[in-house]
Every structure is written in structure tokens, then in C-alpha cells.
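The structure appears below as C-alpha cells.
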Amino acid sequence: MTPGYHCMFCFGYEKRGPAAAAALAEGPLGDIMYATIFASNAKNFADLIKIYTTGNATLEAGLSTEISKGIEVDNQKLKRIVQTHNQ
């Protein structure tokens with residue numbers, strides 16, 4: 001999502017259009033229902049949404065049954081997150 005914006009419904013539509021975006025499924029998004037809703041809403045911004053579950057196999061299994069086209073689940077453990085900017 002667009003850096004610095006607290007809500008994808010208030011700001012950020014001017015930044016839509018990238019090929020992919022990601023969501024980190026921890027904290028509130030570590031819940032199957034919330035992560036699914038968030039990813040579905042994020043599809044307004046990008047063609048592909050990848051949800052990283054950072055090694056949470058239970059969450060990965062639950063999300064894998066709930067996701068729709070254009071949303072992927074990745075269960076690899078993340079060591080570091082680096083923000084990049086589109087040029």
C-alpha cells in the first residue's frame with residue numbers, strides 16, 4: 001500500500017495500478033477473516049496481492065481455503081522487510 005497512509009479508503013487511490021502488493025498477516029491481520037477482507041479490498045490497488053503469514057501454518061491453511069483469484073499466500077518466515085518505491 002501507499003507509504004504513510006493509515007487507511008486505504010481515505011488515501012492512496014491515486015497510487016493504484018502496480019502489478020503486485022503485499023500484506024503482512026500479523027497483529028489484527030493475523031486473523032483469517034480480517035486478512036481475507038483486507039486482501040480483497042487491496043485488490044482495488046494491485047493485480048496481485050500476496051499475504052505473508054511468516055511461518056504461521058494454521059493461518060496459511062485457513063487463508064488458502066478463503067482466498068480468491070489474484071491473491072496468494074506465502075508462509076515463508078521473513079527476516080527483514082524492505083520498502084521499495086516505484087520509479
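The set of residues from region 21-67 being among the polar types (S, T, N, Q) and in a loop (DSSP other than H, G, I, E, B) comprises Asn44, Thr53, Thr54, Asn56.
Taking region 46-70 as the search range and keeping residues that are touching a Leu at 6+ places or on another chain (Cβ under 9 Å) and closer than 13 Å to Leu24 by Cα, which one is surrounded by the most Cβ atoms within 10 Å (Cβ to Cβ)? Residue satisfying both the conditions and the ranking: Thr53. Within region 28-45, being within 10 Å of Ile71 (Cβ to Cβ) and small (Gly, Ala, Ser) holds for Ala35, Ala39, Ser40, Ala42. The combined condition, being among the aromatic types (Phe, Trp, Tyr) and at pLDDT below 85, is not fulfilled by Tyr34. Within the span defined as region 43-61, one or more residues are polar (S, T, N, Q), in contact with an Asp or Glu (Cβ under 6 Å, 6 or more places away or on another chain) and closer than 17 Å to Lys77 by Cα. Among the residues making up region 37-87, those that are touching a Lys or Arg at 6+ places or on another chain (Cβ under 8 Å) and either in contact (Cβ under 8 Å) with a residue 40 or more places away in the chain or among the charged types (D, E, K, R) (or both) are Phe45, Glu72, Asp74.
Of the residues making up region 71-81, those that are surrounded by 15 or more Cβ atoms within 10 Å (Cβ to Cβ) and touching a Gly at 6+ places or on another chain (Cβ under 9 Å) number 1.
The values are calculated or read from the model by the stated rules, or taken from the named source; none is laboratory data. It should be emphasised that the depicted structure is a prediction, and the values quoted were computed from it without experimental measurement. Note: ideal-geometry Cβ built from the backbone for every residue, glycine included; neighbour counts use all protein chains shown.
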